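Single-structure report; data block below.
The values are calculated or read from the model by the stated rules, or taken from the named source; none is laboratory data. Here the structure is a predicted model, which is why all the values come from computation and not from measurement. FYI the Cβ positions are ideal-geometry reconstructions off the backbone, even for glycines, and counts take in every protein chain you see.
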Amino acid sequence: MAELAGGYLLGLGSNINPQHNFAAIIRQLLGHFDALHMSRVLHIPPVGMNSHRDFLNAVAFLETDMAEAELKAICNQIEITLGRDRDDPDSKLKDRPADIDILAYFSDADDWQRTASSITDEYFLYPLINELCAFLTGAVTAPIMQKGTLVSIDGLTFGETAATIHRN
């Protein structure tokens, strides 16, 4: 695979109307970026919060030289647009229509060799991080045992395996 430009690794999630809102997260990110590289989408039980609603989670990589603060503003606006109350001090402990976390900035080939545990302490994302890094670098990694979840946007389906999604 061609060498990737620098960019950000993002954690994506939704557990309120997750099929609809996860698709909306991707649609809105593609409104700001030409493409995104994404792991498969998994159903994951909530961690660190009291809820009966499973999340749809994935990890994405955006190639961009944008400043982190600018990307964070875009991510926060997407969350707010989809109904998350970012002013609530307990929002991290509540169900949410959209959750977009900047996990890391990757600027060179060595960054793709980092362990998932050095990127985040959200252990449930480790297989997704490993899958996406392997997809983008051509490395071989252990397969994820959980089947990916199909998500649809305007006739485009994704989520069962790692993929690159282009705006058009």
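Could we say that Phe61 is surrounded by 12 or more Cβ atoms within 10 Å (Cβ to Cβ) and more than 18 Å from Leu36 (Cβ to Cβ) here?
Details: surrounded by 12 or more Cβ atoms within 10 Å (Cβ to Cβ): yes; more than 18 Å from Leu36 (Cβ to Cβ): no.
So Phe61 does not fit the description; no.
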Checklist entry - Among the residues of the range 44-59, is there at least one that is in contact with a Lys or Arg (Cβ under 8 Å, 6 or more places away or on another chain) and among the acidic types (Asp, Glu)? => result no
Next on the checklist: Show me the strands (runs of 3 or more DSSP E) entirely contained within the range 87-168 in which 2 or more residues are free of Cβ contacts under 8 Å to residues at least 24 places away in the same chain and under 16 Å from the mean Cα position of the chain (by Cα).
Outcome noted: none
Checklist entry - If you check every pair at least six apart or on different chains, which have Cβ atoms under 6 Å apart with a residue in the range 48-67 that is within 15 Å of Ile165 (Cβ to Cβ) and of a type in the set (Asp, Glu) first and a residue that is modelled with pLDDT of 95 or more and surrounded by 17 or more Cβ atoms within 10 Å (Cβ to Cβ) second? => result Glu63/Gly7
Next on the checklist: Which numbered condition in (1) free of Cβ contacts under 8 Å to residues at least 40 places away in the same chain; (2) surrounded by 21 or more Cβ atoms within 10 Å (Cβ to Cβ); (3) more than 21 Å from Ile153 (Cβ to Cβ) is the only one that Arg84 fails?
Outcome noted: (3)
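Could you look through the range 112-162, keep only residues that are among the aromatic types (Phe, Trp, Tyr) and either farther than 24 Å from Ala5 by Cβ or touching a helix residue (DSSP H, G or I) at 6+ places or on another chain (Cβ under 7 Å) (or both), and pick out the one that is modelled with the highest pLDDT? Quick ask: steps written out before the conclusion?
Initial filter on the range 112-162 (among the aromatic types (Phe, Trp, Tyr)): 112, 123-124, 126, 135, 158.
Narrowing the set further to residues that are either farther than 24 Å from Ala5 by Cβ or touching a helix residue (DSSP H, G or I) at 6+ places or on another chain (Cβ under 7 Å) (or both) leaves 112, 123-124, 126.
Details: Trp112: 90, Tyr123: 92, Phe124: 92, Tyr126: 95.
Checked the range 112-162; the qualifying residue modelled with the highest pLDDT is Tyr126.
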Item to check | Residue that is at pLDDT 90 or above, closer than 29 Å to Ala134 by Cα, in contact with a Ser or Thr (Cβ under 6 Å, 6 or more places away or on another chain) and hydrophobic (A, V, I, L, M, F, W, C), where the choices are Ala67, Ala58, Ala104, Ala73 | outcome: Ala58
Next on the checklist: I'm told Pro45 meets every condition in (1) more than 20 Å from Thr157 (Cβ to Cβ); (2) touching a residue at least 24 places away in the same chain (Cβ under 8 Å) except one. Can you identify the failing condition by its number?
Outcome noted: (2)
Checklist entry - Out of all the residues in the range 21-54, which are touching a Pro at 6+ places or on another chain (Cβ under 7 Å) and either basic (Lys, Arg) or modelled with pLDDT under 95 (or both)? => result Arg53, Asp54
Checklist entry - Before we move on, is His43 part of a strand (DSSP E or B), out of contact with any Leu (no Cβ under 6 Å at 6 or more places or on another chain) and over 30 Å from Asp108 (Cα atoms)? => result yes
Item to check | Candidate set from the range 114-140 (those that are over 17 Å from His37 (Cα atoms) and not hydrophobic (A, V, I, L, M, F, W, C)); member that is surrounded by the most Cβ atoms within 10 Å (Cβ to Cβ) | outcome: Glu122
